[in-house]
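The values are calculated or read from the model by the stated rules, or taken from the named source; none is laboratory data. Keep in mind the model is a prediction, meaning the values are calculated, not measured. Cβ sites come from the backbone with ideal geometry, for glycine too, and all protein chains shown count toward neighbours.
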Amino acid sequence: MTVELRAGQASVVIDAEDGGRLSSFVLGGRELLYRALPGPTGHGSFVMAPYAGRVRHGQFTHHGTEVHLPINLPPHAAHGLALDRPWTVLERDDTEALLTCEFDGRWPFGGRVVQYIRIEPDRLVQKVSVEADQRSFPASVGWHPWFARRLHASPPVDITLDAPAMLRRDADHITTRQRMRPPPGPWDDCFVDVAWPVSLTWPGAIRLDITADTNHVVVFDQGEVAVCVEPQTAPPNAANTAPLVVRPGRPLRARTDWRWVIS
């Protein structure tokens, strides 16, 4: 099932069967999302839950429970367990949608993720919550949009980011807790203490300003055809290093807004 939301010159298509992701995001007749990369981690814009980014070797322990996650970015697990699951559309109209996805048996704690999406003529509002049933569990949540590097014949996108530090990566390409001054890009890195917005500018076409209520953002701009700006509530591998714990009645919530100016 797909859901299309429209307002002014903007539209989004939500593919509930394909991980509840945004499969299309069009502004002024231009498609901003890259949709041709293979596999569930490589196209559109999807919610990462109950963990965002990589988990080292797909393993962590919580209150004596050893968890072994599916390895989908060898040798690590990455980007959660909702991106390859069908979502249920709870509510929808022309500009808003509410969806949910129950975690399956790969996540021994139960629970679910809920996302809300609203489109307006000048912004897209996205909210997400991770909810526990009877058992607590460590969680992080975020968004993983694949933006096209170029829009038709436009020059490549320029990313403007203001953050005083990023987290050093180790030999396994996993972020550590050690902060460092960001070097010039290109990046595949997690930045902290972000001064929002992070802006993507396609010269002569569109400027997209991304804000979030999270303290971390992963930026990937090493690809030939697509780039990513990923707000998330914790750094990659947080289940092993800096877990936030979700408890029954105490969900983990986050929000991101995308605002735009069309040339």
Any idea how many residues of region 238-257 are crowded, with 21+ Cβ neighbours inside 10 Å and under 26 Å from Y34 (Cα atoms)?
2
Give just the number: which of (1) buried (at least 16 other Cβ atoms within 10 Å of the Cβ); (2) under 28 Å from Y116 (Cα atoms); (3) hydrophobic (A, V, I, L, M, F, W, C) does L167 not satisfy?
(2)
Could you say whether any residue in region 194-201 is surrounded by fewer than 17 Cβ atoms within 10 Å (Cβ to Cβ), under 28 Å from E224 (Cα atoms) and at pLDDT 95 or above?
yes
Positions within region 128-165 being over 30 Å from S263 (Cβ atoms), in a loop (DSSP other than H, G, I, E, B) and among the β-branched types (V, I, T), in sequence order:
V141
Determine whether region 59-74 contains at least one residue that is under 29 Å from L200 (Cα atoms), part of a strand (DSSP E or B) and at pLDDT 95 or above.
no
For E4, the lone unmet condition from (1) under 23 Å from P121 (Cα atoms); (2) buried (at least 19 other Cβ atoms within 10 Å of the Cβ) is (2)
Here's a check for you: in region 130-157, which residue that is of a type in the set (S, T, Y) and at pLDDT 95 or above is surrounded by the most Cβ atoms within 10 Å (Cβ to Cβ)?
S140
Every residue in region 44-68 that is buried (at least 21 other Cβ atoms within 10 Å of the Cβ), at negative phi and not polar (S, T, N, Q), please.
F46, V47, M48, A49, P50, Y51, A52, R54, V55, F60
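What number of residues within region 227-261 are part of a strand (DSSP E or B) and at pLDDT below 95? Give the derivation first.
Quick first cut of region 227-261, residues part of a strand (DSSP E or B) only: 227-232, 244-247, 250, 252-261.
Checking the rest, the ones that are also at pLDDT below 95 come to 244.
Matching residues across region 227-261 total 1.
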Under 7 Å by Cβ, and 6 or more places apart or on different chains, what pairs join a residue from region 91-111 that is on the phi > 0 side of the Ramachandran plot with one that is of a type in the set (K, R) and not in a strand (DSSP E or B)?
G110/R135
Would you check if there is a residue in region 17-33 being free of Cβ contacts under 8 Å to residues at least 24 places away in the same chain, of a type outside the set (S, T, N, Q) and surrounded by 14 or more Cβ atoms within 10 Å (Cβ to Cβ)?
yes
Test: residue in region 92-113 that is surrounded by fewer than 19 Cβ atoms within 10 Å (Cβ to Cβ), over 19 Å from the mean Cα position of the chain (by Cα) and among the β-branched types (V, I, T):
yes
Kindly indicate whether V89 is modelled with pLDDT of 95 or more and surrounded by fewer than 18 Cβ atoms within 10 Å (Cβ to Cβ).
yes
Are there any pairs, at least 6 apart or on different chains, whose C-beta atoms fall under 6 Å, with the first in region 158-172 and over 20 Å from R54 (Cβ atoms) and the second not in a strand (DSSP E or B), and if so, which?
I159/D221; D162/A195; P164/D193
Can you tell me which of A242, A163, A234 is more than 20 Å from R123 (Cα to Cα), within 17 Å of the chain's Cα centre (by Cα) and among the small types (G, A, S)?
A234
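Out of curiosity, is A254 under 25 Å from V55 (Cα atoms), among the small types (G, A, S) and touching a residue at least 40 places away in the same chain (Cβ under 8 Å)?
Yes.
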